[in-house]
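Data block below; observations after.
The values are calculated or read from the model by the stated rules, or taken from the named source; none is laboratory data. None of these values were measured; they are calculated from a predicted model. Every residue, glycine as well, gets a Cβ built from its backbone with ideal geometry; the counts of neighbours run over all protein chains shown.
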Amino acid sequence: MSLFGPLLHAWVKLRIALLRGEGLTVADDCRFHGVPAFGSEPYLITIGKHVAIAANVTFITHDGGTHVFREQERYKDVIKYGRIKVLDNCVLGYGATILPGVTIGPNSVVGAGAVVTRSVPPNVLAAGNPAKPVMTINQYAEWSLASTPSYDVQEYLTDKRSVLEKITVKGAARAEPK
């Protein structure tokens, strides 16, 4: 068994604990696959219950673009910040970027690589750049069920790698629903 997994898990727990000390609000039952980038204002971020966050997710709570014109007298006091809220039972996919002022509605999924510039309604899968609702969670569940191959559940529980190597073909395109 690799030591890397437990060390990474311990590092994530420590980093989240330190960020809580800086004001990050996050429920105890959230799952982190790596430490997201919470930026310089973690106290502007709230993460609800039963949220899973993949690696390389970035939370941006301010608009640094104001740097371009803040030296002009008219704009010297301009600042742009926004709270970010991820409500209960959500998943944020690998590499997603969440911008200031965004709320992710409950029971929603943000796809890998999505750039979320506006709030995501409840019960949807949102994806793209900029992220937009693609389908409802019920449609996503049905699509996922339809694209699930036949496999031995007990074998999967005891030897996940072997099962995944059997049911996937190297270099094959993403599975489409039946």
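Yes/no matrix, rows are residues, columns are (1) in a loop (DSSP other than H, G, I, E, B); (2) of a type outside the set (S, T, N, Q); (3) surrounded by 13 or more Cβ atoms within 10 Å (Cβ to Cβ):
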{"site": "79", "(1), (2), (3)": "yes, yes, no"}
{"site": "100", "(1), (2), (3)": "yes, yes, yes"}
{"site": "106", "(1), (2), (3)": "yes, yes, yes"}
{"site": "143", "(1), (2), (3)": "no, yes, yes"}
{"site": "151", "(1), (2), (3)": "yes, yes, no"}
{"site": "156", "(1), (2), (3)": "no, yes, yes"}
TODO: Go through the residues of segment 33-54 one by one and say whether even a single one is in a strand (DSSP E or B) and more than 25 Å from residue 125 (Cα to Cα).
DONE: no
Task: Index of the failed condition, residue 163 passing every other in (1) assigned by TED's automatic domain parsing to the domain that holds residue 26; (2) assigned to a helix (DSSP H, G or I) - done: (1)
TODO: Note down all Cβ pairs under 8 Å where the first residue falls in segment 1-23 and is within 17 Å of residue 55 (Cα to Cα), the second is in a helix (DSSP H, G or I) and not aromatic (Phe, Trp, Tyr), and they're at least six residues apart or on different chains.
DONE: 19/42
Task: From 98, 60, 47, residue being in contact (Cβ under 8 Å) with a residue 24 or more places away in the chain, closer than 16 Å to residue 24 by Cα and over 12 Å from the mean Cα position of the chain (by Cα) - done: 60
- [ ] State whether one or more residues within segment 119-134 are under 24 Å from residue 23 (Cα atoms), assigned to a strand (DSSP E or B) and modelled with pLDDT of 95 or more.
- [x] yes
